[in-house]
Amino acid sequence: MLHTMAVEPLSDQERVELERLHKFAKAGDYYQLLGTAPDSTTENITAAYYQMSRDWHPDRHYRRELGDFGPKLEVIFIHINKAYKVLSDPDKRRRYNRDNKSMVEMARQDIHSKEARKPKEARKKTRPEDLDPETLRKRKLRKAKRLAERKAAKERMNNKRGDSRTRAIKKLRAQARGQSERAVRYFEQGKKDYDEGNISKAVSSLHLAVQFDKDNREYRALYELARSEASQSAAVQAVQSGESAESFQNYREAMHHYQRACDMDPDDGLPFFRLAMLTIRIEQDKRAALQLLRTAAAKSPRNVEIRLSLAELYGELGMNLNARREYQTVLSMDKSNARAKAGYRNVR
């Protein structure tokens, strides 16, 4: 017998915020999405990114009753990462500002207007001396927690960009000595591009370095790493193009973009899921969709929506044992999921 467990629903404030962020994500309004002004420093962009990633990571909310907001949360998280990659890179940021002048100016006015209102709003707040001791203690604890989280995020950023990469690059540089002049030159250029976030250029240079020194494992290691990152980034862009096409009901075009993303073998199961849903809707090919959903579930095993869609498709195909297994998996993650409960009863 299944035991139910209370699942925390989204608050009204969270729903409003998700709708707001989803609107910015779909519009590609990166400054508004991260809540940063167009004249923000790279450090501010990075701090905002870590805060948003922590607040809206799908894994943080997977046990909650998201409903229609589940897919929106995934879109928001994808675009938060995209926004950081663009705005933290000086060249990409300049191109973004150039190509989205009206959007950038609107973000500048909106965010600066909010900043200008802050002093007035602050004066309306209750003064610390007017608070009771318990409320004041809780406020201090929340402030200390926020400061600790910011400090930890900064330390993670410094460690990730500093210690690990610096040690790896120093090792690669030391082992590159003695190789051919051309290989060294292309490797150094590729490493520089990789450090600066110009992944596509890094792949080209590192490919040449590997060609001139095929036996150098360090060259090949960095080349494979850069190529993998380029592929993941291209897959995210293809998914975004597919979602845009799908929003305009250009389903064939959306399928083309999702297929491109799947061909890049991304770590995320989202493109396989999106393609599976359109394969059922447009092609009426449930067997092909089944393979896509299996892949999606393998890549994103804790995604409830993917698991439910796979269970329902198993049921439609008469594969009841598989369907029950998937419903049980969903209920192990979310014991009060009504859709999973109903599906489980129907295939018994």
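Throughout, read-outs are computed from the coordinates displayed, never taken from laboratory work. Source: prediction; values computed, not measured. Note that each Cβ is placed from the backbone with ideal geometry, even for glycine, and that neighbours are counted across all protein chains shown.
Given the DSSP H assignment, sum -39500 (n - 2.57) over each helix run of at least 4 residues in the chain and divide by its residue total; what's the result at 222 nm in deg cm²/dmol, nearest 500?
-24500 deg cm²/dmol
After finding the eigenvalues of the alpha carbon gyration tensor for the chain, what semi-axes result from the square roots of 5 times each, listed largest first in whole Å?
Equivalent ellipsoid semi-axes, largest first: 36, 34, 21 Å.
Dipole size in debye (nearest 20) for segment 12-115 around its Cα centre, Lys and Arg Cβ +1, Asp and Glu Cβ -1?
Roughly 340 debye for segment 12-115.
Using a 10 angstrom cutoff on alpha carbons, build the Gaussian network for the chain and name the most mobile of E14, E253, E312.
E14
Which ³J(HN,Hα) values, rounded to whole Hz and listed in residue order, are derived for segment 53-70 from phi using the Karplus coefficients 6.51, -1.76 and 1.60 in 6.51 cos²θ - 1.76 cosθ + 1.60 with θ = phi - 60°, glycine and proline given as x?
Couplings: 4, 5, 6, 10, 5, x, 5, 6, 10, 5, 8, 8, 7, 8, x, 5, 7, x Hz.
Please find, in a Gaussian network model of the chain (springs between Cα atoms separated by less than 10 Å), the residue of R227, R93, R217 whose mean-square fluctuation is greatest.
For the chain, modelled as a Gaussian network with Cα springs under 10 Å, the answer is R217.
Rank these for me by crowding, H256, H22, going from fewest to most other beta carbons within 10 Å.
Least crowded to most crowded, the residues run H256, H22.
Quickly work out the K151-to-Y62 label distance, labels modelled 7 Å from Cα along the C-beta direction, and quote it in nm with one decimal.
For Y62 paired with K151, the spin-label model returns 3.1 nm.
I'd like the per residue volume of the convex hull spanned by the Cα atoms of segment 232-346, given in cubic angstrom.
About 97 Å³ per residue, rounded to a whole number.
Multiply the residue gap between K85 and R182 by 0.36 nm, knock off their C-alpha separation, and tell me the result in nm, one decimal place.
Computed gain between K85 and R182 is 31.9 nm.
Could you tell me the relative contact order of the chain? Use alpha-carbon pairs under 8 Å, at least six residues apart, and round to a whole percent. Walk me through the intermediate numbers first.
Numbers: 344 pairs, mean separation 43.4, N = 348.
Computed over the chain, the figure is 12 percent.
Please go through the residue pairs K151/K299; K23/K101; K72/K341; K26/K85 and name each one whose alpha carbons sit more than 26 Å apart in this structure.
K151/K299
Please give the contour-minus-distance gain from R108 to L321: 0.36 nm per residue of separation, less the Cα-Cα distance, rounded to one decimal in nm.
71.1 nm
Roughly how big is the chain's charge dipole about its Cα centre, with Cβ charges of +1 (Lys, Arg) and -1 (Asp, Glu), in debye to the nearest 20?
On the way: 72 positive and 51 negative charges, 242 e Å.
That gives the chain a dipole magnitude of about 1160 debye.
D for segment 12-115, whole µm²/s, Stokes-Einstein with Kirkwood Rh over alpha-carbon pairs at 20 °C and 1.002 mPa s: what number? Write out the running numbers ahead of the final one.
Working: Rh = 14.0 Å.
Rounded, D is 153 µm²/s.
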